Amino acid sequence: MFHVTARAWLIAYLILVTLPLWLMMIRPTPPARPFLVEASLALGFVGLIQMALQFALIARFRGLTAPLGIDTILRHHRRIAAVALLFVAAHPVMLALHEPSLWAAFDPFGGSWANRTGAWALYGLVLLALLSVGRKTLRLSYEAWRVSHAVLGIATIVLAHVHLNLAGRYTDVLWKELVLIAITLLAVSGFAWLRLIRPALAKRRPYRVARVHEEAGDVWSVDLEPDGHDGWRFEPGQFAYLTLGPNPYTLDEHPFSFSTSGERSARDGRVGFAIKELGDFTRRIGDVPVGTVAHLDGPHGSFTPDRHPAPGYVLISGGIGIAPMLSKIRTLRDRGDPRPVLLIHGEKRLEDVPYLGELRALEREMPLDLVLSLEEPPEGWDGERGFIDEAMLRRLWPDERFRRTVFVCGPNPMISAVESALRRIGVPDEDVHAERFDLV
Ligand SMILES: Cc1cc2nc3c(=O)[nH]c(=O)nc-3n(C[C@H](O)[C@H](O)[C@H](O)COP(=O)(O)OP(=O)(O)OC[C@H]3O[C@@H](n4cnc5c(N)ncnc54)[C@H](O)[C@@H]3O)c2cc1C
């Protein structure tokens, strides 16, 4: 199911991206020009549609996020952006290689308006990429980056269309230009869906903060109860975007994994998160009064055993990566699920491990084995020490005939290290699913 759907999306994407090329081949067409010129125009068209489709890609359409997972989509969003930038930049370079006087087209304030708007679109795209890659180095807040990202993205697409209109040639035929504009508008309307319609849908199903409780390791348990509706079902390991306060039309929305049991939620509608203090929003979470209005956009993601059935699971987490694992474990316990679960959790100190008492109790209630690996273990500690690595995984891996599915969540370097260690100990890639909290 996963492969078919993902492949179907890939085929649809390739058709859409190359659509302008087929369109431009329909007569009437301008007189043929040298290959370099035609190839440069083709790259420009494809780059433009790729940029427009970026908006549809990140609009959190359930049909797209369910089979692929939002982190996979965002990873592709970044890769596609790099390819689009390459294509768009190659377009004027190839033209200038053919006709050296066109190097002047890179001057943002010289030449014709067709050249200027083309140059502005290219530089807008370069700036957008630089801000994304260098956000943390530049100390740009996530919120400021998001605004700049959206504004630059839309401005670049509008400028590219003006450039196309002024430069003419293939788009001299009105209906062809209109088809191109329609594809762009349709794709960019994903942005309206994301910023206007999704918050409106969330506003119709508000929640209230029911409990805020401090756990170990600067983590807060935050429970929400539905206000005037039954709540919705989620699968353990999924996440939602949370906004606090009466206005869901805000940039201050943050993704958090459900940490509570999906089964409990199905009964009373309550959902819970485990939130680690990290920045502006999360550091204020402990002060949020009970009764505060909250809105949720979700559930999202495919980091869930419900979509990856297996005879047993290995959960590997570090720090707050424990949150989606807790939801999985609590849900499997509530379902009376007999399948074995091995949880390997890495933390700096023992006193930082959140929910330790509950995890130890869960070991007695269900087929769960908990292994803790501590960077700074207390005196007399006889458990695992240091980062989770290949040797530790070899030592701990259950010796059994069936293949367990693995879920990994934690800091990015930990995920990368664990993924390659798993590969080295022979766990097939298709059995490993990772969720990165640090998306940008
Ligand atoms: C799928 C997913 C599930 C997550 N689940 C949990 C969880 O269960 N518990 C938990 O404590 N944390 C979770 N996080 C991380 C959490 O979203 C960030 O820690 C939080 O948004 C930080 O916000 P801040 O304002 O406190 O910190 P900031 O200093 O503003 O941000 C710190 C970092 O968090 C990320 N971030 C900030 N805002 C957003 C946003 N709106 N969207 C995406 N990333 C953002 C950025 O990479 C940023 O550099 C999850 C993240 C993702 C992507």
Out of A182, A144, sole residue that is loosely packed, with under 15 Cβ neighbours inside 10 Å, closer than 27 Å to Y13 by Cα and free of Cβ contacts under 8 Å to residues at least 40 places away in the same chain: A182
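Looking only at the range 266-303, filter to residues that are among the hydroxyl-bearing types (S, T, Y) and at pLDDT 95 or above; which one of those is nearest to R233 (Cα to Cα)? Break it down stepwise before answering.
Here is the first cut: in the range 266-303, the residues among the hydroxyl-bearing types (S, T, Y) are 282, 292, 302.
Then drop every residue that is not at pLDDT 95 or above, which leaves 282, 292.
Values: T282: 25, T292: 22 Å.
For the range 266-303, the residue satisfying everything is T292.
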Pairs, first closer than 15 Å to K328 by Cα in the range 239-259, second polar (S, T, N, Q) and assigned to a strand (DSSP E or B), C-beta under 6 Å, six or more apart: F239/S257
Qualifying position, being within 13 Å of the ligand (Cβ to nearest atom) and of a type in the set (A, V, I, L, M, F, W, C), among L64, L138, L122, L86: L138
Extreme residue, surrounded by the fewest Cβ atoms within 10 Å (Cβ to Cβ), among residues of the range 396-428 that are more than 18 Å from the chain's Cα centre (by Cα) and of a type in the set (V, I, T): I425
Top-ranked residue of the range 209-226 - restricted to ones that are exposed (fewer than 15 other Cβ atoms within 10 Å of the Cβ) and in contact (Cβ under 8 Å) with a residue 60 or more places away in the chain, ranked as farthest from the ligand (Cβ to nearest atom): R211
Single condition R135 does not satisfy, out of (1) in a helix (DSSP H, G or I); (2) in contact with a helix residue (DSSP H, G or I) (Cβ under 6 Å, 6 or more places away or on another chain); (3) of a type outside the set (D, E): (1)
Failed criterion for R333 (all others in (1) more than 16 Å from the ligand (Cβ to nearest atom); (2) assigned to a strand (DSSP E or B) hold): (2)
Extreme residue, nearest to A81 (Cα to Cα), among residues of the range 127-141 that are surrounded by 15 or more Cβ atoms within 10 Å (Cβ to Cβ) and in contact (Cβ under 8 Å) with a residue 24 or more places away in the chain: A129
Conditions (1) farther than 18 Å from F407 by Cα; (2) outside the structural domain of P248 (by TED's automatic domain parsing); (3) crowded, with 16+ Cβ neighbours inside 10 Å: number failed by L296: (2)
Residues that are free of Cβ contacts under 8 Å to residues at least 24 places away in the same chain and either at negative phi or among the basic types (K, R) (or both), drawn from the range 100-114: P100, S101, L102, W103, A104, A105, F106, D107, P108, F109, G110
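The values are calculated or read from the model by the stated rules, or taken from the named source; none is laboratory data. As the structure is a computational prediction, the values presented were derived from the model and not from experiment. Glycine gets a Cβ as well: all are built from the backbone with ideal geometry, and neighbour counts include every protein chain shown.
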